[in-house]
């Protein structure tokens, strides 16, 4: 069975940003989140051994949810500028590595990740989806595993969920 590894770009970049020191290059560009993201990406590539890989990012634009409910995510703190600066850099690095990067205005990364995961599973693929977003647990099934990185005791561990493990989060 072929395997697809999907990465929630903003979720993992955000995790890397808060888990790494504030590194900068010689021009003063912040790079710590990019470095941390690549370490996380390589870890999951080694663990999963996928046949296919894609990274999905959110766009900085309103989604259909904002149109339906104006206060959607209205209480969320804005992304720190040091992290905002690294998003286009991260995308360029991934594209230079020839890793497919997807996003679409009007949709969140979760929407795209869920669509890719469900369509790939329907075509007979096994899917590992790496994200810190527990909302994605609702798409877990026998062939879609949601992998959520966590920090415990200063160490990163991954919780892996298939459908039978997610009932407590989706009811």
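The values are calculated or read from the model by the stated rules, or taken from the named source; none is laboratory data. This is a predicted model, so every value here is computed, not measured. For neighbour counting, all protein chains shown are included, and Cβ atoms are generated from backbone atoms with ideal geometry for every residue, glycine included.
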Residues of region 15-30 that turn out to be in contact (Cβ under 8 Å) with a residue 40 or more places away in the chain and crowded, with 18+ Cβ neighbours inside 10 Å, as a count: 3
Members of region 100-114 that are within 14 Å of the chain's Cα centre (by Cα) and surrounded by fewer than 17 Cβ atoms within 10 Å (Cβ to Cβ): 100, 102, 111
Residues being under 14 Å from the mean Cα position of the chain (by Cα) and under 24 Å from residue 157 (Cβ atoms) - total across region 115-131: 6
Residue in region 126-134 that is within 18 Å of residue 12 (Cβ to Cβ), in contact with a helix residue (DSSP H, G or I) (Cβ under 6 Å, 6 or more places away or on another chain), in a loop (DSSP other than H, G, I, E, B) and modelled with pLDDT of 95 or more present: yes
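Looking at this structure, is residue 56 closer than 17 Å to residue 92 by Cα, in contact (Cβ under 8 Å) with a residue 60 or more places away in the chain, touching a helix residue (DSSP H, G or I) at 6+ places or on another chain (Cβ under 7 Å) and surrounded by 14 or more Cβ atoms within 10 Å (Cβ to Cβ)?
On the way: closer than 17 Å to residue 92 by Cα: yes; in contact (Cβ under 8 Å) with a residue 60 or more places away in the chain: yes; touching a helix residue (DSSP H, G or I) at 6+ places or on another chain (Cβ under 7 Å): yes; surrounded by 14 or more Cβ atoms within 10 Å (Cβ to Cβ): yes.
Considered against the rule, which asks whether it is closer than 17 Å to residue 92 by Cα, in contact (Cβ under 8 Å) with a residue 60 or more places away in the chain, touching a helix residue (DSSP H, G or I) at 6+ places or on another chain (Cβ under 7 Å) and surrounded by 14 or more Cβ atoms within 10 Å (Cβ to Cβ), residue 56 comes out as yes.
With respect to residue 92, determine if the residue is more than 17 Å from the chain's Cα centre (by Cα), at pLDDT 95 or above and surrounded by fewer than 18 Cβ atoms within 10 Å (Cβ to Cβ).
Spelling it out, it is not the case that residue 92 is more than 17 Å from the chain's Cα centre (by Cα), at pLDDT 95 or above and surrounded by fewer than 18 Cβ atoms within 10 Å (Cβ to Cβ).
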Test set (1) at pLDDT 95 or above; (2) closer than 19 Å to residue 16 by Cβ - residue 121 fails condition number: (2)
Test: residue in region 2-22 that is at pLDDT 95 or above, assigned to a strand (DSSP E or B) and under 17 Å from residue 150 (Cα atoms): yes
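Residues that are under 16 Å from residue 6 (Cα atoms), free of Cβ contacts under 8 Å to residues at least 24 places away in the same chain and surrounded by 15 or more Cβ atoms within 10 Å (Cβ to Cβ): does region 116-136 have at least one? Give the derivation first.
If we filter region 116-136 for residues that are under 16 Å from residue 6 (Cα atoms), which is where we start, we get 116-136.
Imposing the further condition that a residue be free of Cβ contacts under 8 Å to residues at least 24 places away in the same chain reduces the set to 119, 121-123.
Among the residues that remain, those that are also surrounded by 15 or more Cβ atoms within 10 Å (Cβ to Cβ) are: 121.
Scanning region 116-136, I find at least one residue that is under 16 Å from residue 6 (Cα atoms), free of Cβ contacts under 8 Å to residues at least 24 places away in the same chain and surrounded by 15 or more Cβ atoms within 10 Å (Cβ to Cβ), so the answer is yes.
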Selection count where residues are in a helix (DSSP H, G or I) and at pLDDT below 95, scope region 48-79: 5
